[in-house]
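To start, the structure under review is shown below, and the notes come after it.
Each value in this text was obtained by applying a stated rule to the coordinates, not by laboratory testing. Please read all numbers here as calculations on a predicted model, not as lab measurements. All Cβ positions, even for glycine, are placed from backbone atoms using ideal geometry, and neighbour counts span all protein chains on display.
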Amino acid sequence: MYEIFEKLLEQHGVTPYRVAKETGITTTTFTSWKQGKYTPKREKLQKVADYFGVTVDYLMGVSEEKNPSVEDKPYYDLTSKDERDIATELERMMNDLNSETSLAFMGEPMDEEDRELLRISLENTLRMSKKMAKKKFTPKKFRN
């Protein structure tokens, strides 16, 4: 498994440290995998697979196909990590706006329907912003 991980690191031009930082997996864990001290847990494998946009089966060497559904998508499509980040940010924003005095229209507190419409608008805005940022800031060597 670690050989495939190293190949993905090389293909994406990243270091184990960067992957560790962005996935929340410690570099010590990667070192233990490399030394064969233990088999990675499923949730950690999933984080690494999501980071590289491959399946866990590919990462484990069970399948030769990286992820057929990802290959057809443009490089700026949202990943599951992007989706989680958007959900977290949306939740934070809605919690910040949740007090009775923060959301008002013409001096009147917003009703539940208006709050839901605002949530949908914010979610769409976050999605569009994430895609636009990926289009603008993804290095050319990582674009398909």
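A Gaussian network model of the chain, with springs between Cα atoms under 10 Å, assigns the largest mean-square fluctuation among Tyr76, Tyr17, Tyr38 to Tyr38.
State which entries of Lys81/Lys140; Lys44/Lys135; Lys21/Lys130; Lys81/Lys135; Lys34/Lys141 exceed 24 angstrom in Cα-Cα distance in the structure shown.
Details: Lys81/Lys140 21 Å; Lys44/Lys135 28 Å; Lys21/Lys130 20 Å; Lys81/Lys135 17 Å; Lys34/Lys141 27 Å.
Cα-Cα > 24 Å for Lys44/Lys135; Lys34/Lys141; rest within.
The angle between the Cα long axis of helix 2-12 and the main principal axis of the chain comes to about 60°, on a 0 to 90 degree scale.
Helix-only estimate, please: 222 nm mean residue ellipticity of the chain, summing -39500 (n - 2.57) across DSSP H runs of length 4 or more and dividing by its residues, to the nearest 500. Don't skip to the answer; put the middle values down first.
On the way: 8 runs with 91 residues, N = 144.
Per the formula, -19500 deg cm²/dmol.
Taking Gly107, Gly24, Gly36 as the candidate residues, the one with maximal mean-square fluctuation in a Gaussian network model of the chain, Cα springs under 10 Å, is Gly107.
Once you treat every alpha carbon in the chain as an equal point and sum by Debye, what is log10 I(q)/I(0) at q = 0.12, 0.13, 0.16 Å⁻¹? Each listed q maps to, in turn, -0.64, -0.71, -0.92. Over all distinct Cα-Cα pairs of segment 80-142, the Kirkwood formula returns a hydrodynamic radius of 13.4 Å.
Checking every one of the trypsin sites (Lys or Arg not before Pro) in segment 1-71 against DSSP loop status and a limit of 15 other Cβ atoms within 10 Å picks out Lys37, Lys41.
Legend: translational diffusion of segment 2-70 by Stokes-Einstein, Rh = Kirkwood radius over C-alpha pairs, 25 °C, 0.890 mPa s; D = 203 µm²/s.
When the Gaussian network model of the chain links Cα atoms closer than 10 Å, the mean-square fluctuations of Thr15, Thr79, Thr55 top out at Thr15.
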